[in-house]
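This structure is in structure tokens; I'll ask about it shortly.
FYI, it's all coordinate maths here, none of it is from the lab. Bear in mind that the values here come from a model prediction, so they are computed numbers and not experimental data. Here the Cβ positions follow ideal geometry from the backbone for every residue, glycine too, while neighbour counts run over all protein chains shown.
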Amino acid sequence: MHVPTPTLPIGLRLLRNYSGRHLPQDVLAGLLVAALAVPQALGYAVVAGVPVQVGLYTLPPALLAYALFGSSRLLFVGPVSTVSVLSGSIVGALSDGDRALAITLTATLALTAGAVLVAVGLLRLGWVAQFLSEPIVTGFVAGLVVLIVIGEIPALSGVSAPSGGIFQRIDETVRNLGDFHGVTLAVGASALAVLFVGSRLLPRAPWSLIVLAGGIAVSTTADLASRGVRVVGEVPTGLPLPSMPVVDVQLWSGIITGGIAIAAVGIAEGLAAVRTFAPTGAIDPESDNREFVGHGAANLASGIFGGMGVGGSLSKTAANARAGAFTQVSGVAAAVIVLLFVAFAAGLLSDLPRAVLSAIVIHAVWGLVSPSTFRRYAAVRRNDFVAAVVAFGGVLFLGPLNGLLLAIAQSLLGLVYRSMQVGVDEMGRVEGEKAAWGSVGNDSSRRTYRGVTVLRPDGPLFWANATSVVGHIEMATRARQPLYAVVLDLEATNQMDTTTAERLDGLLTRLRAEGTDLYLVRVFGNVRDVLSKSGFLDTLGPDHVWHSIAAGVKAARAARAAGIDPANPFPTPDEVDPLDEPDELDEGAGERIASKGERP
């Protein structure tokens, strides 16, 4: 029995070989990205429906765990908008307003997401991430941004937070805007102006940190809390201790479903960032598996220390790269900086106006919506546009979790539907080439043989489309009578199943009953194995499977010349003569058979 040799986690291997000459740049990058990450972590904690310190507790363990187990040199993990709002919606539905329970559920969701991700990575199932397509993620994120912005408007303007569905909340927010609190609105609007204008003028400056510090300074100096401005309130100073949250078993169905959704959304954004900043930008399935483990470890570490679900942040990874980071030591440096802040300075946040946090959150998510991307999907491929719109509408109408599930279901149904839309081409010899065959429907100069039709499904056969494709083949044979042989090209089929083998067996029986024989060409080894085990090849005959179209047509014509009855087993011809020149193209040959799309 082979026992795999234990290997160090990839992060440990990289750190073990770390070159000290990169340390100053990595530390500087960690400091700059921490300045961006801390204010956003505070805001995302509010979005997730938990106290701001939960956002701070999330960063250090997540960054350190990813540095040990992740595969990317530059990826920055932590609270992200998509995961935070999804976690907040799940926790809000399960906690029923219980703040202590909300904190426990948030950590439990992080642990569940982490366990799911680690299991997927260790089982090498990273390919499942491909089902969360870019259009789905685009629509999902756009829907989340709308939810986040609408959810932050009340805190930004000092009005009471509405309840109910998205449209009910919009209606109530609009009606309540006349009751806005002037000082709160002035603080929130000023913070937004500084963030958006400043980011445009000096994009590399840590404007979130500047606004955060400025908000605390103004609030303390002017005593904004006494003027009716809502502030964050007391934030405990000190490091969190590891613990395992315990929740009622009745809540586990929602937690498991939510944890899977958080894992899916977090890894989708993380993989996008990894690929964007990878040296080659290439998609590596093995690297995806390692990323699942790295992201899972970050979520597990965060949950154990009472934090939130995390993901790879595209914006902060970009900032990390711009700051000149070389390795995950930048993440370790950022973790140390946050730990020092939590241990000694977290109390400074108590006077921070809540409106400033809302402005930071709105600015952080605003750039995630790209109308031009929707227009590109509409121009390039309608189905991609539909997938994005379904995900967007699903989030707004059904909420983040159900919206995501709807978008994934729509994507999978679309995949199955497209796989069933397999047409059948009639093939002919390409004039002037020895063994080249192509679709007659695409080029009428390609020639066919009288009494023999060569058919090629333009997609793989499997259980869902086997009945339909066999029906198309029978339509083609009826259109080409008189016919003594059908040569079926299975090049596009690389897998075979019992249902498809049974459908082919039924086709063979019906064709031979009508005096028409069947030949298979370009059959892959695994397809041949299944056809053999099902007994189909025994019924077909040993000399009815050939490596090329030309060889299959030769065998069919030789059998016809020898007067062999297709309904009975026939001996192997001693020799098959070369093809002579094709007969004239049969009338009606080359028509596209039951295809619903143009083949290139």
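Dividing the convex hull volume of the Cα atoms of the range 276-412 by its residue count, what figure in Å³ per residue is obtained?
Dividing the Cα hull volume of the range 276-412 by its residues yields 188 Å³.
Let me make sure I get this right: for the range 60-121, a, b and c are the square roots of the gyration tensor eigenvalues over alpha carbons, sorted descending. Under 1.5 in a/c it's rounded, otherwise prolate if a/b > b/c, else oblate. Which is it?
prolate
Please compute the Kirkwood hydrodynamic radius of the range 297-353 from all pairs of different C-alpha atoms, in Å with one decimal.
13.4 Å is the Kirkwood radius here.
Based on the Kirkwood radius over alpha-carbon pairs, what value in µm²/s does the Stokes-Einstein equation return for the translational diffusion coefficient of the range 132-188 at 20 °C and 1.002 mPa s?
173 µm²/s
May I pose another question? So what's the angle, to the nearest 10 degrees on a 0 to 90 scale, between helix 23-47 and the longest Cα principal axis of the chain?
Its long axis makes an angle of about 90 degrees.
Using only the Cα atoms of the range 394-523, each taken as one equal point scatterer with no solvent, compute I(q) by the Debye sum, divide by I(0), and report log10 of the ratio at q = 0.12 Å⁻¹.
Scattering profile of the range 394-523, log10 relative to I(0): -0.55.
Something else: Quick one: P(r) of the range 206-269 from all Cα-Cα pairs, 5 Å bins, percents rounded to integers, in order of increasing distance.
3, 11, 11, 12, 11, 12, 14, 13, 10, 1
Next question. In the chain, if every C-alpha pair distance is counted and binned at 10 Å from zero, what percent goes to each bin?
3, 15, 21, 18, 12, 11, 10, 7, 3, 1, 0
List the chymotrypsin sites (Phe, Trp or Tyr not before Pro) within the range 430-492 that fall in a DSSP loop (any state other than H, G, I, E or B) and whose Cβ has at most 14 other Cβ atoms within 10 Å.
Here the chymotrypsin sites (Phe, Trp or Tyr not before Pro) that fit, given the DSSP loop and packing criteria, are TRP463.
Compute the long axis of helix 99-122 from its Cα atoms, compare it with the longest principal axis of the Cα atoms of the chain, and write down the angle in degrees, 0 to 90, nearest 10.
Roughly 40 degrees between the two axes.
Along its principal axes, what span do the Cα atoms of the range 405-462 show, with the longest given first and each in whole Å?
53, 21, 17
With the Cα gyration tensor of the range 160-203 giving a ≥ b ≥ c as the square roots of its eigenvalues, does the rule (a/c under 1.5 for rounded; else a/b larger than b/c for prolate; else oblate) give rounded, prolate or oblate?
Oblate is the answer for the range 160-203, as a/c is 1.5 or above yet b/c matches or exceeds a/b.
What is the Cα radius of gyration of the range 52-167 over 2.2 N^0.38 Å, N being its residue count?
Taking N as the residue count of the range 52-167, the ratio is 1.23.
Here's another thing I want to ask about it. How about the range 373-472: which GluC sites (Glu not before Pro) there lie in a loop by DSSP and see at most 13 other Cβ atoms within 10 Å?
Answer in residue order: GLU431, GLU433.
Suppose only helical runs count, i.e. DSSP H with n ≥ 4. What mean residue ellipticity at 222 nm does that imply for the chain under -39500 (n - 2.57) per run, divided by all residues and rounded to the nearest 500 deg cm²/dmol?
-19000 deg cm²/dmol
Can you tell me how the range 146-231 classifies by the Cα gyration tensor, rounded, prolate or oblate, using a/c under 1.5 as the rounded cut?
In terms of gyration-tensor shape, oblate.
If you don't mind, there's one more thing I want to ask. May I ask for the percentage of alpha-carbon pairs in the range 20-67 that lie more than 12 Å from each other?
Tail of P(r) above 12 Å: 66 percent of Cα pairs.
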